[in-house]
Amino acid sequence: MSQRVGLVLAGGLSRRFGRTKSDLAFQGETLAQRAADAVWPHCASVLISVGPGGENPAPGFAVVQDRPPAGRGPLAGIDAAFRITGDADLLVLACDYPKVGSDLMRIIVQAADDEDEIVMPVDTRGRDHPLVALWRRSTAPVVAEALREERLKVRALLADCRVRRLGPRLFPGLDAGRVLLNLNRPSDLEMLRAGG
């Protein structure tokens, strides 16, 4: 079994949000710190992915910078982490999923079979969440090739990998629609803060 390294994706440009999200506070912690806390129990170490020259929004953990140019999205962060983590698999969590906790990440890890390359949850609407997922080391060449070809959409890469999708029934006691809320606009965060 390969070693696992946690990867918190915290380097996005957040165009729709209007500012970086990783250092926003929710329930007393930055979004990046919350994500690191969720993956840490299941990994040998945790890396915080930031853009070229970016600051670390969770200073208790090591940082990995995307290779220039900036603005190539989550695949650039995943690629940068694969390049420095030997033969480890990556347990990936984007920082803009503030309700994802350690329990969901544990279910993802435990559900993975040896032949699976990406293991991710699917929400109640059937939407894939590949940035809340286990990415096996075998996906590293696929990620690198996508970046070389400027194919930057994560969902487009899924067809090139063996993907295991975990439906909401596999998360008993978790409201998948709420837990997998992705913060795209300031109103999303305000709604979450209002509801706890």
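The values are calculated or read from the model by the stated rules, or taken from the named source; none is laboratory data. All figures in this text were calculated on a predicted structure; none of them were measured in a lab. For neighbour counting, all protein chains shown are included, and Cβ atoms are generated from backbone atoms with ideal geometry for every residue, glycine included. The accessibility values were calculated without ligands, DNA or RNA, using every heavy atom of the protein model including side chains. Shrake-Rupley method; radii C 1.70, N 1.55, O 1.52, S 1.80 Å.
In the stretch 133-152, the residues that are closer than 17 Å to residue 9 by Cβ and modelled with pLDDT of 95 or more reach residues that are aromatic (Phe, Trp, Tyr) and not in a strand (DSSP E or B) with C-beta atoms within less than 6 angstrom, at least six apart or across chains, in these pairs: 140/82.
Filtering the stretch 81-105 to residues that are within 23 Å of residue 142 (Cβ to Cβ), surrounded by 22 or more Cβ atoms within 10 Å (Cβ to Cβ) and of a type outside the set (Phe, Trp, Tyr) leaves 81, 89, 90, 91, 92, 93, 94, 105.
Restricted to the stretch 106-154, and to residues there that are in contact with a Ser or Thr (Cβ under 9 Å, 6 or more places away or on another chain) and part of a loop (DSSP other than H, G, I, E, B), the residue that is most open to solvent (accessible area, probe 1.4 Å) is 136. What are the residues in the stretch 61-72 that are open to solvent by 30 Å² or more (accessible area, probe 1.4 Å) and either assigned to a strand (DSSP E or B) or in contact with a strand residue (DSSP E or B) (Cβ under 9 Å, 6 or more places away or on another chain) (or both), if any? The answer is 61, 62, 63, 65. Residues of the stretch 9-42 that are open to solvent by 70 Å² or more (accessible area, probe 1.4 Å) and modelled with pLDDT of 60 or more: 23, 27, 28, 40, 41.
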